[in-house]
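All remarks here apply to the structure that follows.
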Amino acid sequence: MEKYNIEQLLRDGNVVQFHPVGSSMWPLFVYPKDEAIVAPVTQDQLKRGDVCLYRGLSGNLIIHRIYKRKDNVFFMVGDHQTEVEGPIESKDVLGIMTHYIRNGKKHSASNPVYLLFSRMWLLLRPLRRSFIAFGSRIKRLF
């Protein structure tokens, strides 16, 4: 089977579906069961709260949420992180998540309930460590 380059597929105008690796976007993505569907995007379509695939400062492909946009650069953060990465140049933003797949069911990233939750979680970024620690303690009790 031929291995496809996600970055090139998006630059060529294709939509891609993949399993995000790691825990930086938990609880949105739980590896290896959840998947992201990412479509090509133009810079003017992007706004705070959108989940994007981009080439990070480390050179790796990363899927995180836009925390802040300043002119033609973006600052990104994972849902399970408090540290903001950036500046990320607009040329390094490859695509936007349009849907995610959880338990085999496709969900839209434009669903109002999803948008409300994601916007609230973005606002709570400074308090995430406390929420995550509390959730871990509760989980251990059960």
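Data overview
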quantity	calculated
Scope the stretch 45-80; condition in a loop (DSSP other than H, G, I, E, B) and open to solvent by 70 Å² or more (accessible area, probe 1.4 Å); matching residues	47, 48, 57, 58, 60, 71, 72
Test: residue in the stretch 19-34 that is touching a strand residue (DSSP E or B) at 6+ places or on another chain (Cβ under 8 Å) and not in a loop (DSSP other than H, G, I, E, B)	no
Positions within the stretch 10-36 being open to solvent by less than 80 Å² (accessible area, probe 1.4 Å) and within 21 Å of residue 121 (Cα to Cα), in sequence order	20, 22, 23, 24, 25, 27, 28, 29, 30, 34, 35, 36
Count - residues of the stretch 71-96 that are of a type in the set (Ser, Thr, Tyr) and out of contact with any Lys or Arg (no Cβ under 7 Å at 6 or more places or on another chain)	1
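The values are calculated or read from the model by the stated rules, or taken from the named source; none is laboratory data. Being a predicted model, the structure only gives us computed values, none of them experimental. In this analysis, Cβ positions are derived from the backbone assuming ideal geometry, glycine residues included, and neighbour counts consider all displayed protein chains. These accessible areas exclude ligands, DNA and RNA; they are computed on the full protein's heavy atoms, side chains included. Shrake-Rupley method; radii C 1.70, N 1.55, O 1.52, S 1.80 Å.
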